[in-house]
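Let me begin by presenting the structure, written as structure tokens, before commenting on it.
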Amino acid sequence: MLLAALYVGTRIGLRRSSFVKLMQSLNTKFSEAKTLNSEKINKLSPLVKRMIYDKIVYTLLAVLFVAAGAASYRGYLGIDLAAFFMFVFVLATLIYKDRKNVRLESIVFIRRTRKGRDFIDRVARSHRTFWSRWALVGLIVAVPVMILGSYYLINQAAAVIEGSAQGGVRLLLPGPVSAPVNGPGVFVVPWWIWIIGIAAVIIPHEFMHGVVCRLDKIKIKSVGWILLIIIPGAFVEPDERQLKKAKRKTRMKVYAAGSFANLVVAGAIAVIFIAASVQFQPAGLYVDKNIAGPANSTNISSIILAINGTPVRSQAELSSVLSRYRPGDVIDVRATNDARSTLAGWDLLTPKVVAVTEMKNATDFRVQLGEHPQQAGKAYLGVVPLVQAFTFAGDLGLYQNIFFVLIWIFIFSFGIGLVNLLPLKPLDGGLLFEEIVGHFTPRTKKIVRAVTIVMIFLILFNLLGPIFL
């Protein structure tokens, strides 16, 4: 009996020991599996977290984009403001998507790349002689433009002091507006016009810097874009050490190349504008009526086409025709109210505003001439000539749309090209001025610093002077 009990107890003990060992083994294997799975989860978690975070950001931007469109549709936001917000959301999405390659330095996003360098090399090599002459002409043009720009700035500052100008300098800024807004020291244009204008300035400007660098085998380290809040820019980054070691003439050509490219773009648009002006043919004279004049008692409005059958196409022709008559004479005035304003031709550096007519609803009006209030015995119609009126041989709507964009590209290209050539460091003009001064005197830094301070003062005075004076 005792032996039987010992036997049974021994077997139970052995079974319990085996069970304990089995449980310990299972627990060890479970712990190992748990540790292994934890390591796998830890390895996957950054990727999973990033995917989740990306989805949240993209969803949020998409919701904001749709919300801006819906708010505009429902009338809560103007279409210009809604389009502006939608553009910002798209821009934010693109930056976030490319965030691995975008660096944030202070408040400026910078994206550098080596793409595009080979293209610049090919262009520089393919027409080396042409680009060498281009660079030389650019340098020759840049120096007098620098002088003229400085003179203009000084002249405008003097005009502000005299009270005869509202300021010759404006900050050209983008905004959610449908039409340009002129304010104290600023000129706000629709954001999409601003983007087109800046792109038309940056691309040729930086491209030509790169081409002229490669002509003298100065290495281009990178190209890229920058973004200051929502204000875009671009750059070609040359090897500064090689550039400093290059000949003075080479450095001057590099500094002048960008602004010269902008001026060439502006000049090309001016030529196109002048060439298109042949489509306009003189038709009449756009006028306003004087309240006290004889014309005010009739329905004459907008455009005078002829007087007693004699065409009137300018202020000189109007005066010539009226000189044939005396006060009290009755004349027939042919006029039309079919008028639209547009830009045609060129007045110095600005396009000329004209009226365009299809000569519809032309009507003859009988008017008795009065006596000129300031010149006794002279016939007086009582109209104030404003601009010439023309007919246009083509689609006027298409012409206006194309030239609306081109004229803003002209303004951006000419204006920024001119400002960038001012002797103001660190602008290209300031660097060019530094090289010119360095050729004649060792006191380069002091002179350049003094001129830079003067230029900054002139610009600030042109911007702020009209507000306080």
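The values are calculated or read from the model by the stated rules, or taken from the named source; none is laboratory data. All of these numbers come straight from a predicted model, not from anything done at the bench. Cβ: placed from backbone, ideal geometry, glycine included. Neighbour counts: every protein chain shown.
Looking at (1) without any contact (Cβ under 8 Å) to a residue 12 or more places away in the chain; (2) in contact with a strand residue (DSSP E or B) (Cβ under 9 Å, 6 or more places away or on another chain); (3) under 30 Å from residue 294 (Cα atoms), find the lone condition where residue 376 falls short.
(2)
If you go through segment 82-122, how many residues are modelled with pLDDT under 75 and at positive phi?
The qualifying residues number 1.
So, residue 84, is that one part of a helix (DSSP H, G or I), among the aromatic types (Phe, Trp, Tyr) and exposed (fewer than 12 other Cβ atoms within 10 Å of the Cβ) or not?
no
Only one residue in 192, 225 is in the same structural domain as residue 127 (by TED's automatic domain parsing) and in a strand (DSSP E or B), so which one is that?
Going through 192, 225 in turn, the sole match is 225.
Pick from 148, 171: which is among the aliphatic types (A, V, I, L, M), in contact with a strand residue (DSSP E or B) (Cβ under 6 Å, 6 or more places away or on another chain) and either without any contact (Cβ under 8 Å) to a residue 24 or more places away in the chain or exposed (fewer than 14 other Cβ atoms within 10 Å of the Cβ) (or both)?
171
Restricting to segment 41-81, give me the number of residues that are in a loop (DSSP other than H, G, I, E, B) and either modelled with pLDDT of 75 or more or over 20 Å from residue 178 (Cβ atoms) (or both). Break it down stepwise before answering.
So the first thing to find is which residues in segment 41-81 are in a loop (DSSP other than H, G, I, E, B), and the list is 75-78.
If we keep only those that are either modelled with pLDDT of 75 or more or over 20 Å from residue 178 (Cβ atoms) (or both) as well, we get none.
Qualifying residue count for the region: 0.
State the number of residues belonging to segment 365-419 that are surrounded by 17 or more Cβ atoms within 10 Å (Cβ to Cβ), polar (S, T, N, Q) and within 25 Å of residue 299 (Cβ to Cβ).
Number satisfying all stated conditions: 1.
Only one of 307, 231, 300 is modelled with pLDDT of 85 or more and either in contact with a strand residue (DSSP E or B) (Cβ under 7 Å, 6 or more places away or on another chain) or at negative phi (or both). Can you tell me which? Quick ask: steps written out before the conclusion?
Details: 231 fails: modelled with pLDDT of 85 or more; 300 fails: modelled with pLDDT of 85 or more.
Matching residue, one of 307, 231, 300: 307.
What are the pairs, 6+ residues apart or on separate chains, where a residue within segment 412-437 that is within 16 Å of residue 263 (Cα to Cα) has its Cβ under 7 Å from a residue that is of a type in the set (Phe, Trp, Tyr)?
Qualifying pairs under 7 Å: 428/255.
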